[in-house]
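Chemist: My structure is below; once you've seen it, I'll send some questions.
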Amino acid sequence: MKRRIPLLIVFVFGVLGAIPFLIPHRIIQDADNEFRSSVLRIIVAFSLVLGVGSIIRHHYEKIRRKRENWQYSYVTLISLVISAIIGLFGGIEANGILPTRFVFPFTNYTFRFDIQTLYTNIMVPLGATMFSLLAFFMTSAAYRAFRARNIEATILLFSAFVVMLAAVPLVSSIFPKLSFFSEWILTVPNTAAKRGLGFGIALGSMATSLKIILGIERGWLGGTG
Amino acid sequence: MAISPPTYVRAWDNPNDAGGAIRISWHLSADDSIIDGYEILRLAEGEKEYQPIGFIGKGRNCYTDDETKDGLRYQYRVSAVKDTIRSYSEPSNFAQSSAQWFNTDRINVLIFTAIFIFLILWFITQAKRGTRLFVRRIAGLAAVEEAVGRATEMGKPILYVPGLSTVDDVATIAGLNILGEVAKKTAQYDTKLIVPNRDPIVYTVAREVVKEAYTQVGRPDAFNPDSVYFVTDSQFAFAAAVDGIMTRENPATNFFMGYFWAESLIMAETGASTGAIQIAGTDAVMQLPFFITACDYTLIGEELYAASAYLSREPLLLGALKGQDFGKAIIIGVLLLTTLLALLLNLPVLNLF
C-alpha cells in the first residue's frame, strides 16, 4: 500500500498532465492551469518547511557534535532567524508591523534593513561575485580543453581558434572569409550536433516519463521493489 | 481620391483552441501598395452597428479576433484605410467560435508517441520473456564502481549533487535514480555519502532514495540522515556551498547528475582542483562542454536517462531503453528519407527517369 498509492497518484496525474497537450478545450486547460499554479504552489509551500527543517537540523547537529568549522553554523542559523523575522514582520519593502527603516535625526539619511534591501545589497552582490568566478574557471578549463592531445582535441582547438579569431574585428577585416567559416562552424556542424543531442534528450525524456507513469521506473520511490 | 476595398472577406472558427477566437481573411485591396492598412469591424448578432476591433498594416490578409463569445454569431467587414479615406468590403459570412476537444495540429505527435509507446512496451515484453538485450558500454557508468571503490580505499567521502532543478525535471528524476544505485554501493562499502540539495522537494525525495538504498542492501543502521540535506535555493549560494564542501571534506569522487546552469563549471573546476574523480551527467546542452572539459567522465544527454537501466540491469528498464533506441532509429530513418526526397525533388535527378 505504501508504494501502490504513490504509483497510482503518479499514473493518474501523469496521464492527466499529457491530456491538455492534445485537448485544447477550456475545461481541460483551466483544470490543468489550476493544478499547475494553485496545487503545486501549496505543495512547494509545504516543502519549504521541510527545507528549513533540514537546515536547522543539519547545523544544530554540527554545533552539537562540534564538527569542523561548527562556528559558522551559528552564522547560518542566526541569519536564518533574523531574515525570517524581518521578512515575516517587516514586509518586503518596510511596510510591515516591524519597523525596518530609521531616519537619522538632523540628517536626510535613512537606514533601511527591510528584506528587499537585504536581498539587493547582500544576496545579489554575493551571487554576482560567485558568477564572476566563472570567467577565471573558463580560462583554466579552456587551457586544459585546447591541448592538442589527439585528433578530436586538435579539431576542437582549431575550431575554437577560428571562432575566436573571427570574433576579433581587426582579424575579420583583414580576413573577411574567416567570418563566413566561423559562421559555418557554428551553424552547420555545431547545430547538427546540438540537434542530434536534442532528439536523444527528447526521446529519453519521453521514455523516462513513460517508465515513471507506468511504474516501471521506481527509483524515485526509493527503490525498485 | 477613391481606393479599392478588400474583397472576399471570410470568417471561421479559429481551429484547435479553447474557444473565444474567430479568424478572418480577405483578398488584398487592389491599392494595397498605397494604403496605410486595414481596419477590421465586427457586428455581433443582435447589434445594429459594426464596431472597429483592430487594425493591421498593409500587405496582410488575415486577423484573429480573440475576444468573441462562444456560440454567438459574428459578421465582419474590412476597410482599406488611407489617411481619412475608408473603403469598406462586403460583409463576411456569419461565424461563431467554439472550443475544440482535440488539437488536430498535434496528430503527428500523437501517432509518433503511440508508435514509441508500442516499441517500449514490446521490448519490455521481450525482456520479461528473457530475451537478452545488448546495451553498449557507457564509460561514465562503468566507472561508478571504480569511483566508489577509490573513495573507500582512500577513506574519503563521495559527493553527489542531484542537479539544481526541481523534481518535475526529468533530468532530476534520472539523477535521483542514479543516486539510489550509488547509495547502494556506498552502503555496501561503508563509504560516507554527502548529498547537498538546492530544492526542498528534491531533498525529501533524495533522502528517501538513500535511506531505501541502505535498507535494500541490508545496512539500514549505516544510513546517516544528516548526509542528505537542503542547503539553499539560491543558485550561486548553492555553488559556493558545494565548493566549500569540496575543499573542506575533500571527497574522492564527485557526482554531478541532473540539470545544471552556469554554476556547472564553478563546481566542476573546483572539484578538478581537489583531485577528485568526477562523473557528470546532464541534458543541459549548454553545460555539457563545461562538464566534458572539467570532469573525467560525462554522461551526455540521453545517457543520463539510460543510467538507471545500465546500473541496475533490470530487464524491464533495459527493455524500455531498447525501445528508446528504436524510436531514435525511426527518427534517423525519417530524417534521411525526407532529406533524400527533398534533394531529389529539387535536383533534376528525377527527370532522368
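The values are calculated or read from the model by the stated rules, or taken from the named source; none is laboratory data. Predicted model, so just to flag it, every value in this text is computed and none were measured. Every residue, glycine as well, gets a Cβ built from its backbone with ideal geometry; the counts of neighbours run over all protein chains shown. For the accessible areas, the whole protein counts, side chains as well, though only heavy atoms, and no ligand, DNA or RNA atoms are used. Shrake-Rupley method; radii C 1.70, N 1.55, O 1.52, S 1.80 Å.
Chemist: Would you mind finding the one in B:ALA329, B:ALA276, B:ALA280, B:ALA284 that is at the interface with another protein chain (Cβ under 10 Å from one of its Cβ atoms) and either more than 15 Å from B:ILE138 (Cα to Cα) or open to solvent by less than 10 Å² (accessible area, probe 1.4 Å) (or both)?
Modeler: From the options B:ALA329, B:ALA276, B:ALA280, B:ALA284, the qualifying one is B:ALA284.
Chemist: Would you confirm, using the coordinates I've provided, whether A:PHE89 is away from every other protein chain (no Cβ under 11 Å), of a type in the set (Phe, Trp, Tyr) and touching a Leu at 6+ places or on another chain (Cβ under 6 Å)?
Modeler: Here the answer is yes, as A:PHE89 does meet what is asked.
Chemist: Between A:LEU221, A:LEU203, which is touching a Gly at 6+ places or on another chain (Cβ under 6 Å), within 13 Å of another protein chain (Cβ to nearest Cβ) and over 30 Å from B:THR274 (Cβ atoms)?
Modeler: The match here is A:LEU203.
Chemist: Just checking, which of B:PHE102, B:PHE123, B:PHE116 is within 14 Å of chain A (Cβ to nearest Cβ), open to solvent by less than 80 Å² (accessible area, probe 1.4 Å) and farther than 24 Å from A:ILE19 by Cβ?
Modeler: Unique residue meeting the criteria: B:PHE123.
Chemist: Residue check: is A:ARG36 under 30 Å from B:TRP101 (Cα atoms), open to solvent by 90 Å² or more (accessible area, probe 1.4 Å), assigned to a helix (DSSP H, G or I) and within 11 Å of chain B (Cβ to nearest Cβ)?
Modeler: Values: under 30 Å from B:TRP101 (Cα atoms): yes; open to solvent by 90 Å² or more (accessible area, probe 1.4 Å): yes; assigned to a helix (DSSP H, G or I): yes; within 11 Å of chain B (Cβ to nearest Cβ): yes.
Spelling it out, A:ARG36 is indeed under 30 Å from B:TRP101 (Cα atoms), open to solvent by 90 Å² or more (accessible area, probe 1.4 Å), assigned to a helix (DSSP H, G or I) and within 11 Å of chain B (Cβ to nearest Cβ).
Chemist: Any residue that is more than 10 Å from chain A (Cβ to nearest Cβ) and within 24 Å of the chain's Cα centre (by Cα) - is there at least one of those in region B:232-248?
Modeler: No, the conditions are met nowhere in region B:232-248.
Chemist: Every residue in region A:65-89 that is open to solvent by 80 Å² or more (accessible area, probe 1.4 Å) and over 23 Å from A:PHE113 (Cα atoms), please.
Modeler: Listed by number, the residues that qualify are A:ARG65, A:LYS66, A:ARG67, A:GLU68, A:GLN71.
Chemist: Still on this structure, I have one more. Could you list, in sequence order, the residues of region A:60-97 that are modelled with pLDDT under 90 and of a type in the set (S, T, N, Q)?
Modeler: Result: A:ASN69, A:ASN95.
Chemist: Within region A:63-178, considering only helices (runs of 4 or more DSSP H) that don't extend past its boundaries, which have at least 2 residues that are among the aromatic types (Phe, Trp, Tyr) and within 29 Å of B:PHE236 (Cα to Cα)?
Modeler: Fully inside region A:63-178 and qualifying: A:71-90, A:124-145.
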